Amino acid sequence: FAIPRRSDAAPLMVEVAPLKDSAAELDLALEGAMVTLIDPASVPPINIKRFAAAYGLTAAESAVCTLLLAGCTIPEVAERRGTSPVTVKNQAGAIMAKAGVGRRSDLVRLILRVLPPVT
């Protein structure tokens with residue numbers, strides 16, 4: 001849910017998730033909730049080094065992945081990297097194949113699941 005602010009800034013986002021050790025892995029009767037407070041105006045950038053290592057991305061693929069995660073289009077990535085759109089499209093395809101996803105939106109979702117923007 002959202003908490004409005006007095007200023008014109010975006011509202012704070014609050015996520016509440018149940019927390020329970022249902023598999024009794026901790027040998028405790030752990031029950032409660034995890035509360036996450038997100039300030040959309042202050043979300044830290046995601047460093048994809050761990051993602052790149054986990055999925056075997058090259059340095060070029062990591063750079064492309066970072067720009068795709070930032071919302072850049074293929075032509076924008078090509079311009080920023082000084083390469084052709086065909087090269088970037090091929091690199092994006094290689095990234096998605098290594099990550100086992102079919103669309104760039106699925107890639108972004110996977111990265112956010114693996115690397116939440118938490119400092």
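The values are calculated or read from the model by the stated rules, or taken from the named source; none is laboratory data. Keep in mind the model is a prediction, meaning the values are calculated, not measured. Note that each Cβ is placed from the backbone with ideal geometry, even for glycine, and that neighbours are counted across all protein chains shown. These area figures cover heavy atoms from the full protein model, side chains too; ligands, DNA and RNA do not enter into them. Shrake-Rupley method; radii C 1.70, N 1.55, O 1.52, S 1.80 Å.
Some observations on this one:
- Of the helices (runs of 4 or more DSSP H) that lie entirely inside the stretch 38-119, those containing 1 or more residues that are within 28 Å of Ala17 (Cβ to Cβ) span 49-55, 59-69, 85-99, 104-114.
- When Ala29, Ala9, Ala23 are checked against the criterion of being open to solvent by less than 50 Å² (accessible area, probe 1.4 Å), modelled with pLDDT under 85 and over 22 Å from the mean Cα position of the chain (by Cα), Ala9 stands alone in meeting it.
- With respect to (1) open to solvent by 70 Å² or more (accessible area, probe 1.4 Å); (2) more than 18 Å from Leu115 (Cβ to Cβ); (3) out of contact with any strand residue (DSSP E or B) (no Cβ under 8 Å at 6 or more places or on another chain); (4) modelled with pLDDT of 80 or more, the lone exception for Leu37 is condition (3).
- Test: Arg50 is open to solvent by 40 Å² or more (accessible area, probe 1.4 Å), touching a Leu at 6+ places or on another chain (Cβ under 7 Å) and at pLDDT below 90: yes
- For the stretch 59-96, the set of residues classified as open to solvent by 50 Å² or more (accessible area, probe 1.4 Å) and either under 17 Å from the mean Cα position of the chain (by Cα) or closer than 15 Å to Pro45 by Cβ (or both) consists of Thr66, Ala70, Gly71, Thr73, listed by residue number.
- Close pairs (6 angstrom Cβ cut-off, 6 or more residues apart or separate chains): within 15 Å of Leu69 (Cα to Cα) in the stretch 79-101, open to solvent by 50 Å² or more (accessible area, probe 1.4 Å) anywhere: Ala99/Tyr55
- Test: residue in the stretch 33-45 that is under 23 Å from Gly82 (Cα atoms) and touching a Phe, Trp or Tyr at 6+ places or on another chain (Cβ under 8 Å): no
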